[in-house]
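Structure, as structure tokens:
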Amino acid sequence: MNMMPDLVVETDDASCHPMFRDAPSSVEFNKLRKRLLRQTRQAIDEFAMARPGERWLVALSGGKDSYGLLALLLDMKWRGLLPVELIACNLDQGQPNFPKHILPDFLEGHGIRHRIEYRDTYSIVTDKIGEGNTYCSLCSRLRRGHLYRIAREEGCSSLVLGHHREDVLETFFMNLFHGGRLAAMPPKLVNDEGDVTVLRPLAHCAEADLQKFADAMKFPIIPCDLCGSQEGLQRNLMKQMLDDIEKRMPGRKDTMIRALANVRPSHLLDCKLFDFAGLALKP
């Protein structure tokens with residue numbers, strides 16, 4: 001990993017992106033902002049996400065995580081630390097009572113290049129998935145397909161998503177408990193077609209920090225009434241389990257994230273990753 005210079009957080013109009021001009025000037029907020037910037041830069045550097053001259057499509061749902069992602073990337077670009085073009089994109093999926101004006105007003109008000117796309121995936125999901133079942137998987141697949149298409153149309157090499165530390169850990173335990181495999185949510189991958197890279201620069205950022213950041217920035221949050229209102233989601237159980245572990249043993253989430261980057265194939269049971277048959281005593 002490259003060593004990164006210390007960040008200096010400025011708050012005057014001339015030295016920050018317009019999104020931050022009404023941000024709090026408290027020491028506490030500046031520490032939070034600096035920590036999130038450092039962690040985002042760490043992920044971008046550690047996983048070789050950015051190449052100068054590229055264009056990124058930043059998915060914006062209207063939730064705290066995607067707002068935070070967009071703000072942090074714009075902050076980095078404003079400081080000359082991110083040599084890529086950014087386009088914010090919201091996919092309006094036709095959910096009932098979705099406030100269509102909020103995101104365009106927000107993006108235009110801050111002078112952010114963006115694209116709003118309407119596709120009624122809501123009707124498809126509710127038609128295909130029976131009552132009482134979870135919508136997330138199908139909804140996510142449909143949304144991702146449209147975002148790949150939009151990335152191609154906008155000349156973007158990467159689709160950037162707002163998944164954070166807890167999303168990575170929850171996915172790991174979902175796969176462990178229900179999928180019978182050791183796999184998490186990669187910070188960088190290439191789609192099946194091989195033409196769009198998916199990036200998750202918030203992989204080191206804590207969800208609680210992103211919530212505090214969103215509250216302080218007063219982002220106009222849009223709740224997800226399609227899947228967020230469903231009870232009994234397995235992912236919610238994973239979240240509760242991880243929160244309980246963290247409460248009982250503070251710091252375990254950071255330890256678990258480090259473990260995902262410190263794999264010992266010889267100490268697992270996968271013969272495809274380690275040549276157990278080739279082990280032999282020294283003569």
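The values are calculated or read from the model by the stated rules, or taken from the named source; none is laboratory data. Since the model is a prediction, treat every value here as computed from it, not as a measurement. Positions of Cβ are backbone-derived with ideal geometry, glycine not excepted, and every protein chain shown enters the neighbour counts. These accessible areas exclude ligands, DNA and RNA; they are computed on the full protein's heavy atoms, side chains included. Shrake-Rupley method; radii C 1.70, N 1.55, O 1.52, S 1.80 Å.
See the values below:
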quantity	calculated
Cross-chain or 6+ apart pairs with Cβ under 9 Å, the stretch 18-39 first and without any contact (Cβ under 8 Å) to a residue 60 or more places away in the chain and under 12 Å from Lys212 (Cα atoms), then open to solvent by 20 Å² or more (accessible area, probe 1.4 Å) and basic (Lys, Arg)	Glu28/Lys212
Leu242, sole failed condition from (1) open to solvent by less than 90 Å² (accessible area, probe 1.4 Å); (2) more than 24 Å from Phe47 (Cα to Cα); (3) free of Cβ contacts under 8 Å to residues at least 12 places away in the same chain	(3)
Residues being surrounded by fewer than 22 Cβ atoms within 10 Å (Cβ to Cβ), on the phi < 0 side of the Ramachandran plot and touching a Phe, Trp or Tyr at 6+ places or on another chain (Cβ under 6 Å) - total across the stretch 52-94	3
For Asp22: the one exception among (1) in a loop (DSSP other than H, G, I, E, B); (2) open to solvent by less than 20 Å² (accessible area, probe 1.4 Å); (3) charged (D, E, K, R)	(2)
Residue within the stretch 261-280 that is surrounded by 14 or more Cβ atoms within 10 Å (Cβ to Cβ), within 30 Å of Phe29 (Cβ to Cβ) and under 19 Å from the mean Cα position of the chain (by Cα) present	no
In the stretch 212-222, the residues that are surrounded by 15 or more Cβ atoms within 10 Å (Cβ to Cβ) and either part of a helix (DSSP H, G or I) or touching a strand residue (DSSP E or B) at 6+ places or on another chain (Cβ under 6 Å) (or both)	Lys212, Phe213, Ala214, Ala216, Met217
Val9 being over 22 Å from Thr197 (Cβ atoms), open to solvent by 20 Å² or more (accessible area, probe 1.4 Å), more than 14 Å from the chain's Cα centre (by Cα) and modelled with pLDDT of 95 or more	no
Exclusive hit being at pLDDT below 95 and under 19 Å from Asp167 (Cβ atoms), set Leu70, Leu91	Leu91
Members of the stretch 168-196 found to be under 23 Å from Leu70 (Cα atoms), open to solvent by 30 Å² or more (accessible area, probe 1.4 Å) and either of a type in the set (Val, Ile, Thr) or in a helix (DSSP H, G or I) (or both), listed by number	Val190
Tabulated pairs, the stretch 260-283, first in contact (Cβ under 8 Å) with a residue 12 or more places away in the chain, second open to solvent by less than 100 Å² (accessible area, probe 1.4 Å), C-beta under 8 angstrom, 6+ apart or interchain	Leu260/Val168; Leu260/Phe172; Leu260/Ala184; Leu268/Phe274
